[in-house]
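For reference, the structure discussed in these notes is given below.
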Amino acid sequence: MTGRRRTAVLISGRGSNMQALVSAAKAPDYPAEIALVVSNRPDAAGLDYARDQGIAAVAVDHKAFSDRVSFEDALDTVLGEHGIDLVACAGFMRILSPAFVEKWLGRLLNIHPSLLPAYRGLNTHERVLGDCASAHGCTVHFMVAELDAGPIIAQSRVPVLEGDSADTLAARVLQAEHETYPQALASVASGEVFLN
Ligand code: GAR
């Protein structure tokens with residue numbers, strides 16, 4: 001390993017997965033350093049958390065740009081200014097264009113609250129309950145241009161329990177996310193897992 005990989009976490013809100021990554025990266029032998037947190041929403045709670053942790057935290061407000069390309073250009077500029085090498089989307093609720101994804105291909109990760117390829121898209125917990133599925137979970141994957149379709153790095157399964165609501169199920173999945181994402185990021189940052 002040639003030093004810790006400078007990683008940016010992209011968020012849109014609460015940022016609990018970002019917090020799990022920050023906390024894992026405190027271990028001296030963790031192969032990634034969380035060097036930057038970016039939110040497309042200036043009021044995201046996660047930005048305050050990052051600043052409190054002494055991490056550079058920047059809002060790139062998508063509403064300030066007339067189109068997706070100029071928003072992504074600004075995002076890419078911020079990543080460049082901070083010497084970022086890996087990007088981890090964690091509850092980042094903007095679709096990234098094929099050009100952006102192509103530029104970061106193999107260095108752009110996402111966490112999704114389902115066992116992909118099942119339940120791509122939004123409202124996964126509600127849909128799992130609606131189908132009376134017995135298992136649910138989360139997936140960390142490399143991002144590709146197609147939404148929630150990239151090669152899988154890690155998955156964790158949780159049971160769906162009798163009486164679950166979307167909220168109780170989401171909380172169980174989120175707990176699994178907080179364990180899975182730090183492991184998945186470490187496996188990519190160390191070079192053990194890569195996009196071929
Ligand atoms: C997480 O459950 C994450 O998997 C999901 O948003 C939540 C963000 O929570 N992501 C998506 O739905 C992406 N399509 P957090 O802000 O507390 O990490």
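For the reader, a short list of remarks on this structure follows.
- Residues that are open to solvent by 40 Å² or more (accessible area, probe 1.4 Å) and among the polar types (S, T, N, Q) within region 164-196 comprise Ser165, Thr168, Gln175, Gln183, Ser190, Asn196, listed in sequence order.
Matching residues to (1) out of contact with any His (no Cβ under 8 Å at 6 or more places or on another chain); (2) outside any strand (DSSP E or B); (3) without any contact (Cβ under 8 Å) to a residue 60 or more places away in the chain:
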position: Asn17; (1), (2), (3): no, yes, no
position: Val22; (1), (2), (3): yes, yes, yes
position: Asp29; (1), (2), (3): yes, yes, yes
position: Asp76; (1), (2), (3): yes, yes, yes
position: Gly83; (1), (2), (3): yes, yes, no
position: Ala99; (1), (2), (3): yes, yes, yes
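- Selection count where residues are farther than 19 Å from Ala88 by Cβ and touching a Phe, Trp or Tyr at 6+ places or on another chain (Cβ under 9 Å), scope region 34-62: 1
- Options Arg68, Arg41, Arg6: the member that is open to solvent by 30 Å² or more (accessible area, probe 1.4 Å), within 16 Å of the ligand (Cβ to nearest atom) and of a type outside the set (Phe, Trp, Tyr): Arg41
- Condition met for Phe92 (within 15 Å of the ligand (Cβ to nearest atom), of a type in the set (Phe, Trp, Tyr), touching a residue at least 24 places away in the same chain (Cβ under 8 Å) and at negative phi): yes
- Any hit, region 17-30, residues being crowded, with 18+ Cβ neighbours inside 10 Å, away from the ligand (no atom under 16 Å from the Cβ) and either within 22 Å of Val188 (Cα to Cα) or modelled with pLDDT of 95 or more (or both): yes
- A residue that is under 26 Å from Ala32 (Cβ atoms) and among the hydrophobic types (A, V, I, L, M, F, W, C) cannot be found anywhere in region 160-169.
- Filter pass, Asp73 being among the acidic types (Asp, Glu) and either within 24 Å of Ala176 (Cβ to Cβ) or open to solvent by less than 40 Å² (accessible area, probe 1.4 Å) (or both): no
- Taken together, the residues in region 8-33 that are hydroxyl-bearing (Ser, Thr, Tyr) and within 12 Å of Ala90 (Cα to Cα) amount to 2.
The values are calculated or read from the model by the stated rules, or taken from the named source; none is laboratory data. None of these values were measured; they are calculated from a predicted model. Note that we place each Cβ from the backbone using ideal geometry, even for glycine, and neighbour counts take in every protein chain shown. Calculation scope for accessible area: heavy atoms of the full protein, side chains included, ligands and nucleic acids excluded. Shrake-Rupley method; radii C 1.70, N 1.55, O 1.52, S 1.80 Å.
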